[in-house]
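Only one structure is covered here, and it is reproduced in the block below.
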Amino acid sequence: FRVWSAVEMSWAVQVALLACLLALAFPTMGSAFQLLPSTLPRLGRVSCPTFGAASLNRLSSHQRGNGKGVRDKFGIKFAVRMAGDAVANNALYCLHVCLRVKPERRDEFLVTIEANQRGTMTTEPLAVSYLFGEDESTPNTFHLYEAYKSREGFEAHTKAPHFAAWEKFVATESLSAAPEVTFYTEAVANSASTATRLPELAVPHYCLGVCLCVKPERREEFLECIQANQRGTCTSEPLAVTYLYGEDESIPNKFHFFEAYQGRAGFEAHTKAPHFKVWEEFVATEPLSAPPLLSFYTSRPFAPGV
């Protein structure tokens with residue numbers, strides 16, 4: 001292992017090299033070596049869902065160049081997760097957008113954003129979800145949640161004709177403030193029970209957008225607690241539809257959440273659940289570096305044929 005730490009090689013290559021050495025030393029282990037390629041993808045999917053490919057990009061150049069440094073900081077599960085990402089990663093590339101519309105341009109805005117939504121969901125194969133709704137307490141403030149199969153899906157979206165029409169509308173000074181946009185890759189759940197379910201667009205849902213900035217030294221505790229909250233929400237709340245989160249694309253330890261429930265009653269039931277109480281107790285220990293930012297809205301039903 002000391003030799004490996006001085007050489008830049010991936011975890012998967014290290015395992016393969018180890019298997020080769022063992023096969024040479026013990027010929028009877030040849031069959032195990034033959035199974036290795038089919039085993040690696042499965043190993044990558046059983047680890048903690050905390051880290052995605054974006055996390056690796058945010059590591060310092062020293063950490064990226066020193067495999068031992070990465071393992072020492074995050075543990076072997078981090079390395080396994082990276083190997084899994086290389087072969088099969090179904091994490092969604094997500095956007096949260098906040099738009100403040102001038103009151104006199106409201107009707108035009110709704111026509112344009114609905115056309116953008118319709119074009120996105122009916123013509124873009126990499127688009128997974130596009131929903132929006134008006135802020136619960138601030139008129140003419142709208143929140144959007146978008147999800148794509150990959151970053152390439154979003155980039156394709158920005159080249160579509162319906163997006164060009166949207167940009168043309170925004171250029172007419174239809175907004176009272178610059179759009180607020182955040183990007184993140186979903187933290188992939190590590191079990192079928194917490195696999196992502198997205199809201200049915202034809203039905204209105206009570207939605208939340210949440211932004212949490214975590215103190216670096218409390219990161220691991222935060223992730224453990226939020227994963228338990230996610231697991232409890234997805235497995236024990238009949239009115240919960242979606243609970244997903246991910247780390248900001250450019251700011252470490254800043255996390256974005258998208259939650260959807262069958263009506264406000266679903267969210268209120270969530271706040272009374274035992275796993276939510278554990279979350280509140282954790283927040284009371286001051287793990288955050290800034291106050292939480294929350295937005296509440298009910299998604300507008302989507303009619304693709306309109």
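The values are calculated or read from the model by the stated rules, or taken from the named source; none is laboratory data. Everything quoted here is computed from the prediction, not taken from an experiment. Don't worry about glycine lacking a Cβ; one is built from the backbone with ideal geometry, like all the others, and counts go over all protein chains shown. Side chains are part of the model used for accessible areas, which takes the heavy atoms of the whole protein and leaves out ligands, DNA and RNA. Shrake-Rupley method; radii C 1.70, N 1.55, O 1.52, S 1.80 Å.
Projecting the Cα positions of PRO274, THR235, PHE255 onto the charge dipole of the stretch 224-277 (unit charges on Cβ atoms of Lys, Arg, Asp and Glu, taken about the Cα centre) puts PRO274 furthest along the positive direction.
Is the stretch 209-306 rounded, prolate or oblate when judged by the Cα gyration tensor, a ≥ b ≥ c being the square roots of its eigenvalues, rounded requiring a/c under 1.5 and prolate requiring a/b larger than b/c? Don't skip to the answer; put the middle values down first.
Values: a/c = 2.24, a/b = 1.42, b/c = 1.57.
In terms of gyration-tensor shape, oblate.
The mean sequence separation of alpha-carbon pairs under 8 Å and at least six residues apart, normalised by the residue count of the stretch 220-285, gives a relative contact order of 32 percent. Rounded to the nearest 20, the size of the Cβ-charge dipole of the stretch 178-306 about its Cα centre is 340 debye, with Lys and Arg at +1 and Asp and Glu at -1. With the charge dipole of the stretch 128-241 set up from +1 on Lys and Arg Cβ and -1 on Asp and Glu Cβ about the Cα centre, the Cα lying farthest toward the positive end among the listed residues PRO199, ALA187, THR172 is that of ALA187. Residues whose amide H lies under 5 Å from that of VAL128, counting only those 5 or more places away or on a different chain, are ALA147, TYR148, LYS149; hydrogens are built 1.01 Å from N in the peptide plane.
Report, to the nearest whole %, how much of the accessible area of the stretch 104-147 belongs to carbon and sulfur atoms, 1.4 Å probe, protein only.
Numbers: 920 of 1780 Å².
Summing carbon and sulfur atoms, their accessible area is 52 percent of the total for the stretch 104-147.
Straight-line reach from LYS277: taking Cα to Cα under 20 Å and skipping same-chain neighbours fewer than 8 places apart, the aspartates and glutamates in range are GLU220, GLU221, GLU224, GLU237, GLU259, GLU268, GLU286. Put simply, the amide H of LYS215, placed in the peptide plane, has neighbours under 5 Å in LEU288, SER289, leaving out anything fewer than 5 places away on its chain.
Taking the solvent-accessible surface of protein heavy atoms with a 1.4 Å probe, what is the per residue accessible area of the stretch 173-306 in Å²? Provide the component values of the computation, followed by the final result.
On the way: 6420 Å² over 134 residues.
For the stretch 173-306, the solvent-accessible area averages 48 Å² per residue.
Using 0.36 nm per residue of separation minus the Cα-Cα distance, give me the extension gain between LYS215 and PHE276 in nm, one decimal.
Working: separation 61, 0.36 × 61 = 21.96 nm, distance 2.02 nm.
Length gained between LYS215 and PHE276: 19.9 nm.
Label the stretch 240-287 by shape, choosing from rounded, prolate and oblate, from the square roots a ≥ b ≥ c of the eigenvalues of the Cα gyration tensor; if a/c is under 1.5 it is rounded, and otherwise prolate applies when a/b is larger than b/c, oblate when it is not. It comes out oblate by the Cα gyration axes.
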